[in-house]
1. Hey, for a label at A:Leu254 modelled as a point 7 Å past Cα toward Cβ, could you say which residues of the stretch A:213-235 have their backbone N under 12 Å away?
2. Rounded to the nearest 500, what is the 222 nm mean residue ellipticity of chain A from helices alone, with -39500 (n - 2.57) per DSSP H run of 4+ residues and division by all residues?
3. Mind pulling up the Rg/Rh value for the stretch A:113-231? Radius of gyration and Kirkwood radius, both on Cα.
4. May I have the extent of the alpha carbons of the stretch A:190-252 along their three principal axes, as whole Å values ordered from largest to smallest?
5. Counting only chymotrypsin sites (Phe, Trp or Tyr not before Pro) that are in a DSSP loop and have at most 16 other C-beta atoms within 10 Å, tell me the longest site-free stretch of chain A.
6. Working out 0.36 nm times the residue gap between A:Lys232 and A:Ser22, then minus their Cα-Cα distance, what length gain in nm do you get to one decimal?
7. State log₁₀ I(q)/I(0) for chain A at q = 0.07, 0.10, 0.16 Å⁻¹ as given by the Debye formula over alpha-carbon point scatterers of equal weight, solvent excluded.
8. Going toward the positive end of the dipole of the stretch A:145-247, with +1 on Lys and Arg Cβ and -1 on Asp and Glu Cβ, which of A:Gly221, A:Asn171, A:Ile199 do you reach last?
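What follows is calculated from the coordinates using simple rules that are stated; it is not laboratory data. Bear in mind the structure is a predicted one, so any value in this text is a computation, not a measurement. Neighbour counts are summed over all protein chains in view; Cβ atoms, including those assigned to glycine, are modelled from backbone coordinates with ideal geometry.
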Amino acid sequence: MKITNSSGHNIPISKVQNSISSLPLIVITGPTASGKSSLAIRLAKKWGGEIICADSRTVYKDMNIGTAKPTKSDRKIVKHWLLDVVKPGSRFTVYDFKQLAQEAIKDIVSRDKIPFLVGGTGLYIDSVVLNFVFGPDADLDRREQLESLTVDQLITLHEKHHIGLPENYKNKRYLIRSIEKYNSNQSVNYSINPNTYVIAISTEKKELLDRISERADTIFGDKLLRETQQLKNRYGFENEAMTGNIYKIVDQLLSGDITLEEAKQLFVTKDWQLAKRQITWLRRHDWVQWKTLSEAEQYFDHILRNFRDGVS
RNA sequence: GCUGGGAUAGUGAAGCGGUCAAACACGACAGACUGUAAAUCUGUUGGCUUAUGCCUUCGUAAGUUCGAAUCUUACUCCCAGCA
């Protein structure tokens, strides 16, 4: 029996299964600007790995500077997956991410390389590591119907069917989700896949703030301005890919509503808020281990040495 | 120097005699979150051994009043116009 991997080569299934069971999945996550990416590149280079970017913004084409996407030279050192997979404005969800990430993992493992799942989008990490099960496509139609209802109507629907309201009962998405959950009677899995090592990079608050401000200083330049202008011309600001991040701030700067200093400050604030939300997300999982950059490096060196020596 | 406007919690900004520890926005802090998650949403945000309780706040000082962030007077500082 043969299966086909994403690059079209036939590989014997026995080897796939074998490899999947013997090679670890290395997961490096943490807040923005914590230094995940460079650590991952170092480790992947050293131990023969490839990086799958678990980042909800770097999946978009043409969003490079503003998303701090790994550069071309980064990508020469180590192969990066899941960058530039869709255009801003296209629908790209966790579902898509999980499919693509799993294909990538299979491919990587089939060549006896080690998959590194790296990024700050906690939901994306979870979808792989907890092996999310999504409802059938038919559910999407139903979801569309539900989306046309108001928050109040959704709450009424909950009461009518005696469904408990979610904690986020003023948030439409979660009202819909709780109805779906009720209908699917699918149990949600919160235990992590075997052979998966998840580290979140921890930093002192002060240090992370400093790193974020430094990044603001280096990122605000002509390239960023040009990129923003191009994105605006090509895709507009209406799509979700462009929300809540740096591009809106740069747009204000371009139209002269704010000064450069104000723009940088706004960006630092936004990034800090993002970092806090990321940390909050990661904190709720007991299988996430927090380590500093150097602790994480040692830890993974140790694990990977054992795997490569066949000690596992 | 004269005339007018203004000084309110971390910031911006309402309030213009009682129902004001003081709206609202932002920020800050905490939290939720399996189909666009860098999204979306929630709670707290003067102090106190967390209390339908007490205390200290609305530039500073004094006064009017049963009662003042709100009225009066003086002072300090800001801003605009005139000198």
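1. Residues passing the 12 Å test: A:223-235.
2. Numbers: 13 runs with 164 residues, N = 312.
Taken over chain A, the calculation gives -16500 deg cm²/dmol.
3. So for the stretch A:113-231, dividing Rg by the Kirkwood Rh gives 1.11.
4. 46, 29, 16
5. Details: sites that count: A:Phe132, A:Phe134, A:Tyr169, A:Tyr190, A:Phe237, A:Trp287.
Answer from the scan: A:1-131.
6. Details: separation 210, 0.36 × 210 = 75.60 nm, distance 4.62 nm.
Gain on extension, A:Lys232 to A:Ser22, equals 71.0 nm.
7. The computed values of log10 I(q)/I(0) come out as -0.32, -0.66, -1.43.
8. A:Asn171
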